[in-house]
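Chemist: Below is one structure. I have some questions about it.
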Ligand SMILES: C[S@@+](CC[C@H](N)C(=O)[O-])C[C@H]1O[C@@H](n2cnc3c(N)ncnc32)[C@H](O)[C@@H]1O
């Protein structure tokens, strides 16, 4: 699929694992004694990073032993968090073969190779049997996916009849042109930001009940203010390693569009409808 190739290309790095290991060394970490927490500044590719994942988990309420699917898992930061902090078994699916390789290598490094397993594949044709998971979540992926109805149908298919599905995506608040590049695309042709009402409508049409919705605009603005307060020079270990040279511009544009009220990160918590 052309769009999926373009998305994988957008996120391509080339030598990501090496770049992360060098940054860990520069930050004074021993690559052979890493914990999932050590990786958090670089492996959570969404607004607010680990803090956002913790806040999401309070809404999502994972239980030990739950089989979770991480849709568009990136390099697996959230998957390792749910495995290490909540005792879940997490499968990740991700378009970028490089991200999958790094996700599995980092899971092995922190001793989570048994509980976290990522594979290359599309959220629109999930490589799993029906009813394989008790829960699924998706962080900052929907902006790359035009056919969200098909995405939600696929997630519904692989969940058990009492499965839960949590979303943390950047959603539309008002009409207007966005500034590019953004972290998920270099231009408008690769951006499919939708409003929460459209998400809800499609989720319900695909067999979900929406239990909770939370706008995270204020949290995002606080996060950006803290980043600015830390000053211009990025810490050795940060998301700029994953996002590349234009990281600063991408984050600046996203923060401008959130501040002006065009978009906002938003959580939705759903369960399979009875
Ligand atoms: C902004 S990153 C977020 C990664 C991860 N969820 C996180 O929060 O750290 C978006 C990810 O979604 C993946 N993605 C986009 N469209 C996808 C699709 N159709 N199927 C699988 N993964 C997809 C991208 O390759 C990218 O790794």
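What follows is calculated from the coordinates using simple rules that are stated; it is not laboratory data. Just so we're clear, the structure is a prediction, and the values are computed from it rather than from any experiment. Here Cβ is always computed from backbone atoms with ideal geometry, including for glycine, and neighbour counts include all displayed protein chains.
Chemist: Note the per residue figure in Å³ for the convex hull of the C-alpha positions in region 75-119.
Modeler: Numbers: hull volume 2.3 nm³, N = 45.
Hull volume over Cα atoms, normalised by residue count, gives 51 Å³.
Chemist: Determine, for 88, 73, the number of other Cβ atoms within 10 Å of each Cβ, and report the residues in order from fewest to most.
Modeler: On the way: 88 23, 73 28.
Least to most surrounded, the residues fall as 88, 73.
Chemist: Here is a further query. Taking only C-alpha pairs under 8 Å that are 6+ residues apart, what is the relative contact order of the chain in percent?
Modeler: Working: 506 pairs, mean separation 59.3, N = 274.
Computed value for the chain: 22 percent relative contact order.
Chemist: Between region 65-80 and region 170-232, what is the C-alpha centre distance in whole Å?
Modeler: Using only Cα atoms, the two centres lie 20 Å from each other.
Chemist: Could you work out Rg/(2.2 N^0.38 Å) for region 74-217, with Rg from alpha carbons only? Write down the numbers at each step before the final one.
Modeler: Working: Rg = 15.7 Å, N = 144, 2.2 N^0.38 = 14.5 Å.
Ratio of Cα Rg to 2.2 N^0.38 Å: 1.08.
Chemist: Report, to one decimal in Å, the Kirkwood hydrodynamic radius for region 2-272 based on all distinct Cα pairs.
Modeler: Computed over region 2-272, the radius equals 18.6 Å.
Chemist: Mind ordering 99-110, 155-166, 24-35, 252-263 by average Cβ neighbours within 10 Å, highest first?
Modeler: On the way: 99-110: 21.1, 155-166: 19.5, 24-35: 12.4, 252-263: 17.7.
Highest mean packing first, the order is 99-110, 155-166, 252-263, 24-35.
Chemist: Here's something else I'd like to know. What is the Cα convex hull volume of region 149-190 when expressed per residue in Å³?
Modeler: Values: hull volume 4.9 nm³, N = 42.
Convex hull of Cα atoms, per residue: 116 Å³.
Chemist: Another question about this same structure. Could you list 192, 139, 60 so that the one with the fewest beta carbons within 10 Å of its beta carbon is first and the one with the most is last? Can you show the working numbers first?
Modeler: Values: 192 16, 139 25, 60 22.
Ascending Cβ contact count within 10 Å gives the list 192, 60, 139.
Chemist: Computed over the Cα atoms of region 1-87, what is the convex hull's projected area averaged over all directions, in nm²? Don't skip to the end; give the middle numbers.
Modeler: Working: hull surface 28.5 nm².
It is 7.1 nm².
Chemist: Then there's this: Between residue 19 and residue 186, how high is the FRET efficiency from 1/(1 + (r/R0)^6) when r is the Cβ-Cβ distance and R₀ = 30 Å? Nearest 0.05. Could the numbers behind the result be given before it?
Modeler: Details: r = 20 Å, r/R0 = 0.67.
Step by step, r from the Cβ atoms, then E = 0.90.
Chemist: Below 8 Å between Cα atoms, with a sequence gap of 6+, how large is the relative contact order for region 1-115 in percent? Working shown, then result.
Modeler: Details: 132 pairs, mean separation 31.5, N = 115.
Relative contact order here is 27 percent.
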